[in-house]
Amino acid sequence: MMIPACRLADLPRGEAIRLDVEPPVSVFHTDDGEVFAIDDTCTHQDASLADGWLEGCEVECPLHASKFDLRTGAVDAPPAKLPVRTHEVVVEDGMIYVKVSTEAPNLPPCVSARLAGGPA
Amino acid sequence: MRTVAVVGASLAGLSAARSLRKQGYDGRLVVIGDEPHRPYDRPPLSKEFLAGEVGEADLVLETDGEDLRAEWLLGTRATGLDARERAVRLADGREIRADGFVIATGAAARRLPGSDGLAGVHVLRTLDDALALRDELARGGRLVVIGGGFIGAEVASTAYALGLDVTVIEAAPTPLAGPLGADMGTIVSGLHTDHGVRLLCGVGVKGLSGESRVDAVLLEDGRTIPADIVVVGVGARPCVEWLEGSGVTLDNGVKCGADGRSSLAGVVAVGDCANWYDPRAGAHRRVEHWTGALERPAVAVATLLAGGAVESGVPRPPYFWSDQYGVKIQFAGHSVGADSVTIEEGAADDRNVLAVYRRAGEPVAVLGMNQPRLFTRWRKQLAAATS
Ligand SMILES: Cc1cc2nc3c(=O)[nH]c(=O)nc-3n(C[C@H](O)[C@H](O)[C@H](O)COP(=O)(O)OP(=O)(O)OC[C@H]3O[C@@H](n4cnc5c(N)ncnc54)[C@H](O)[C@@H]3O)c2cc1C
Ligand code: FES
């Protein structure tokens, strides 16, 4: 699935936007001008990585400081232990598109339970 | 350097061991810890673990397949550091000789004098504390929490969600006034009363009553608060008494430079037991927060490996979070010395707040309640503003 995110010109460097797909995906524009897309939800608990601290190619979760590599999705240290999915990004005619991965997402237990219709 | 001994096998100790390997240290690495457990995460002990939502396996701090090529001496306490022999003495009589030492012995919960041996009275610092408290909470009843700080508040919140009848007693007129200041302390601790948890402030505890098991908390104003379970949450003290006489300067923990070095060559300290010089604050600060225990060891280990002072850079402002009654509380910076606090977003009554602390107009700290996005922005600004 290829989804349009926003115009590259509308996403300043150092910023991120969250796309309301299920599960949400966030798109980051790094200070170096690269664009990456990863799952927005931290694999530890329900936090939005688009709200996190972006530095270089890493985003630090806004709650408990696990850092995810935007290129690989890998996490550096607990409390999060699982990587996030990465998604392919295409910029065409000034527009950012995200090709959502078909792998299974690593959602935190509280979020998977909610999606499954269980208790939040 | 051929041998490094890390004393304390929790977050800061593990993080130091990781930093050593990451920074290319290839020698012998010995990690000494007095608890029998592999390093585990403490924040969930007052939250999800106490609530029974996550189990012991979820607390493990090491990742699958992680191998630091370390010798783990667990369940054994360090009793002394011999600077001349360059050795750590252990309670079981062993001695570990090393060239470099990382002190990561953390802090221990303060207890109430005279409460030892009285059933139903708990502190919360270790996994074993949490297991014991979790079992008691499962039986329900009236819980009295002594101390309205973060740990006390989290326990109250978790117990409230489990259906217990909860009272929180705070000696100061306002809970959390130390870390947050009086105004914001009032707003955050308002979470208790929002949920029908009783909050008694400005009154000290005289003692506990009960024969073999606690049955009430006695207040200094003469009141008696019946209790089936009591949690004492009156802070923690750094575990450094084992270093007395070693030559390591102690002052509210191990006194350290901005790079983590202690007064003894080849000895650095990290985490809750360490009183680092903070160039931002222009003073030594002992910070008892998770993120510092995770991040600071990289600097201290660089100092150790370099054999002296290194250019440590200005650290990020201290940061912590707390979860109470479903509200995410985040704080960064130092509130002491702030001359104003303004709510920049949200409303105190909704417990949805982004507040900025300033000194002479410059932001020095920021508090968020359910405001992670704005909080991160302000936290960054704070780091930039005072670096
Ligand atoms: C219940 C609870 C909830 C918390 N929640 C939060 C939170 O929400 N947010 C946040 O930012 N922070 C929180 N914290 C604080 C955070 O957990 C600590 O800052 C962190 O654990 C500090 O790590 P440390 O390794 O320095 O010390 P510790 O975790 O205290 O570890 C020190 C270790 O050294 C061992 N030790 C002590 N003396 C000796 C000795 N002589 N020989 C050998 N070993 C010894 C101890 O037994 C312990 O295992 C919480 C803490 C607790 C207890
Ligand atoms: S929610 Fe991301 S590290 Fe905890």
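The values are calculated or read from the model by the stated rules, or taken from the named source; none is laboratory data. Values in this document were obtained by computation on a predicted structure and should not be read as measured data. For neighbour counting, all protein chains shown are included, and Cβ atoms are generated from backbone atoms with ideal geometry for every residue, glycine included. Just the protein is used for accessible areas: all its heavy atoms, side chains included, with ligands, DNA and RNA removed. Shrake-Rupley method; radii C 1.70, N 1.55, O 1.52, S 1.80 Å.
Counting 0.36 nm for each residue step from residue B:110 to residue B:139 and taking away their Cα separation leaves a gain of 7.9 nm. For the range B:334-374, a drop of 50 Å² or more in accessible area on going from the chain alone to the assembled protein chains (1.4 Å probe) is found at B:373. Summing Lys and Arg as +1 and Asp and Glu as -1 over all other residues whose Cβ lies under 14 Å from the Cβ of residue A:105 gives a net charge of -3.
Amide H to amide H distances under 5 Å link residue A:54 with A:60, where only residues 5 or more positions off or on other chains count and H is placed in the peptide plane.
Residue B:284 sits among other residues whose Cβ lies under 11 Å from its own Cβ, and their net charge, with Lys and Arg +1 and Asp and Glu -1, is +1.
A crude spin-label estimate for the pair residue B:161 and residue B:131, with each label 7 Å from Cα along the Cβ direction, gives 2.3 nm. Averaged over the residues of A:44-55, the number of partner chain Cβ atoms lying within 10 Å of the residue Cβ comes to 3. Label reach from residue B:265 (point 7 Å along Cα→C-beta): in the range B:297-322, amide nitrogens under 17 Å belong to B:303-310.
Remark: the range B:255-332 carries a charge dipole of roughly 120 debye about the Cα centre, counting +1 on each Lys and Arg Cβ and -1 on each Asp and Glu Cβ. Highest-first packing order for the peptide set B:267-274, B:349-356 is B:267-274, B:349-356, based on the mean count of other beta carbon atoms within 10 Å.
Ignoring ligands, DNA and RNA, what percent of the 1.4 Å accessible area of the range A:52-120 is carbon and sulfur? Roughly 52 percent, rounded to a whole number. Normalised by the number of residues in chain B, the average gap of Cα pairs under 8 Å and 6 or more apart makes the relative contact order 15 percent. If both residues of a DSSP beta bridge must be in the protein assembly as shown, then about 70% of such bridges are antiparallel. If the label point is 7 Å along Cα→Cβ of residue B:342, which residues in the range B:177-215 have backbone nitrogen under 20 Å from it? Label zone hits: B:181-185, B:187. Comparing B:153, B:107, B:182 in a Gaussian network model of chain B (Cα springs below 10 Å), the most mobile by mean-square fluctuation is B:182. If R0 is 22 Å, the Cβ-Cβ spacing of residue B:91 and residue B:251 corresponds to a FRET efficiency of close to 0.30. Sparse packing (at most 12 other Cβ atoms within 10 Å of the Cβ) combined with a DSSP loop state is found for the following GluC sites (Glu not before Pro) in the range B:311-360: B:311.
Tell me the net charge near residue B:51. Cut-off is 11 Å between Cβ atoms, residue B:51 excluded, with +1 for each Lys or Arg and -1 for each Asp or Glu. It would help to have the intermediate numbers written out before the result.
Working: positive: B:47, B:134; negative: B:48, B:53, B:154, B:323.
That sum, taken over residues with Cβ under 11 Å, equals -2.
Chains A and B: buried accessible surface, both sides, probe 1.4 Å, rounded to 100 Å²? Buried surface at the A/B interface: approximately 1800 Å².
Secondary-structure-derived ellipticity at 222 nm for chain B, considering helices only, amounts to -6500 deg cm²/dmol, per-run term -39500 (n - 2.57) for DSSP H runs with n ≥ 4.
Cα centroid separation, the range B:156-179 to the range B:345-387: 24 Å. Is the C-alpha gyration tensor of chain B telling us rounded, prolate or oblate? Criteria: a/c under 1.5 is rounded; beyond that, a/b larger than b/c is prolate, otherwise oblate. Because a/c hits 1.5 or more and a/b fails to exceed b/c, chain B counts as oblate.
Per residue, chain A reaches -1500 deg cm²/dmol at 222 nm when only DSSP H runs of four or more residues are counted, each adding -39500 (n - 2.57).
Rounded, prolate or oblate: pick one for the range B:103-142, where a ≥ b ≥ c are the square roots of the eigenvalues of its C-alpha gyration tensor, a/c under 1.5 means rounded, and failing that, prolate if a/b is larger than b/c, else oblate. Spell out each step's value before the answer.
On the way: a/c = 3.24, a/b = 1.49, b/c = 2.18.
Oblate shape, in that a/c is at least 1.5 and b/c is the bigger or equal ratio.
For residue B:84 and residue B:3, what does the FRET efficiency come to when R0 = 22 Å and r is the distance between their Cβ atoms, rounded to the nearest 0.05? That gives a FRET efficiency of 0.85. Amide H contacts of residue B:107 (H built 1.01 Å from N, in plane; Pro and chain starts excluded): B:239 sit under 5 Å, all sequence-distant by 5 or more or on other chains.
Amide H to amide H distances under 5 Å link residue B:215 with B:209, B:210, where only residues 5 or more positions off or on other chains count and H is placed in the peptide plane. When you restrict to C-alpha pairs under 8 Å that are six or more residues apart and normalise by the size of the range B:1-147, the relative contact order lands at 29 percent. The residues of the protein assembly as shown present an accessible area of 42 Å² per residue when probed at 1.4 Å with all protein chains retained.
Considering only DSSP beta bridges where both residues belong to the range B:196-294, give the percentage that are antiparallel (nearest 5).
Numbers: 13 of 16 bridges.
About 80 percent, rounded to the nearest 5.
Residue B:28 contributes an accessible area of around 100 Å² to the protein surface, as traced by a 1.4 Å probe with all chains present. The lysines within cross-link reach of residue A:99, meaning a Cα-to-Cα straight distance under 30 Å and a gap of 8 or more places when in the same chain, are A:67, A:81. Across the accessible surface of the range B:53-196, with the other protein chains kept in place and a 1.4 Å probe, carbon and sulfur atoms take up 47 percent. Taking θ as phi - 60° and the Karplus parameters 6.51, -1.76 and 1.60, the scalar couplings of the range B:230-242 work out to 10, 10, 9, x, 10, x, 9, 10, x, 8, 10, 4, 5 Hz in sequence order, x denoting glycine and proline. Computing FRET efficiency as 1/(1 + (r/R0)^6) for residue B:51 and residue B:193, where r is the C-beta to C-beta distance and R0 is 22 Å, gives about 0.55. Restricting the calculation to Cα atoms, the range B:343-387 yields a radius of gyration followed by a Dmax of 10.5, 34 Å. The overall shape of the protein assembly as shown is oblate: from the C-alpha gyration tensor, with semi-axes ordered a ≥ b ≥ c, the ratio a/c is 1.5 or greater and a/b is no larger than b/c. In summary, the lysines within cross-link reach of residue B:255, defined as a Cα separation below 26 angstrom excluding same-chain residues under 8 places away, comprise B:22. Just report the Cα centroid separation between the range A:1-16 and the range B:252-266, whole Å. Using only Cα atoms to place each centre, the spacing works out to 46 Å.
Once you reduce the range B:98-146 and the range B:1-25 to the center of their Cα atoms, the two points are 27 Å from each other. Within the range A:10-71, the trypsin sites (Lys or Arg not before Pro) that combine a DSSP coil assignment with at most 16 other C-beta atoms in a 10 angstrom radius are A:13, A:71.
Packing, taken as the mean count of other beta carbons within 10 Å per residue, orders the peptides B:284-293, B:2-11, B:132-141 from highest to lowest as B:2-11, B:284-293, B:132-141.
Distance between the modelled labels on residue B:206 and residue B:373, one decimal in nanometres: 5.3 nm (7 Å Cα→Cβ projection). For chain B, what proportion of DSSP beta bridges, expressed in % and rounded to the nearest 5, is antiparallel? DSSP beta bridges in chain B are roughly 60 percent antiparallel.
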